[in-house]
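Quick note: the coordinates plus some simple rules give every number you see, no bench work behind them. Since the model is a prediction, treat every value here as computed from it, not as a measurement. As a convention, Cβ positions derive from the backbone with ideal geometry for all residues, glycine included, and neighbour counts pool all protein chains shown.
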Amino acid sequence: MPQGYVLLFLFMAIALAFVLALLLLAKILRPSSPFETKLEAYECGIKAVSDARGRYAVRYYIIAILFVIFDVETIFLFPWAVRYKVLGWFGVAEVAVFLGILIVGYIWAYKKGALEWV
């Protein structure tokens, strides 16, 4: 075995032993007093009236996914803004195409009714 890896494996073993020792110490030192109220789903005193796995409208998920998509796509504008002077007109054309595609997608989602809350 190459000698260069000995220190790496030693470091990994020490790190693993450290983590396991801390977990064991936490388990020994923490208070543990389970009782009926503590074992309920909510400790606020309100009894659960139904199953937590209720059905939700798909519209909530669609709006959340669209938000993430449009939000993540706008993050791509940051590197362009940082390097704006270096990119010149080529960068302006790239961002225009990017924003055009983004706007077309937004208009398509709006016309499909995906952004209607009710």
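In region 69-118, the residue that is surrounded by the fewest Cβ atoms within 10 Å (Cβ to Cβ) out of those that are among the aromatic types (Phe, Trp, Tyr) and not in a helix (DSSP H, G or I) is 117.
For beta carbons closer than 8 Å, sequence separation of 6+ or different chains, a first residue in region 106-118 that is over 12 Å from residue 59 (Cβ atoms) and a second that is in a helix (DSSP H, G or I) and of a type in the set (Phe, Trp, Tyr), the qualifying pairs are 106/70.
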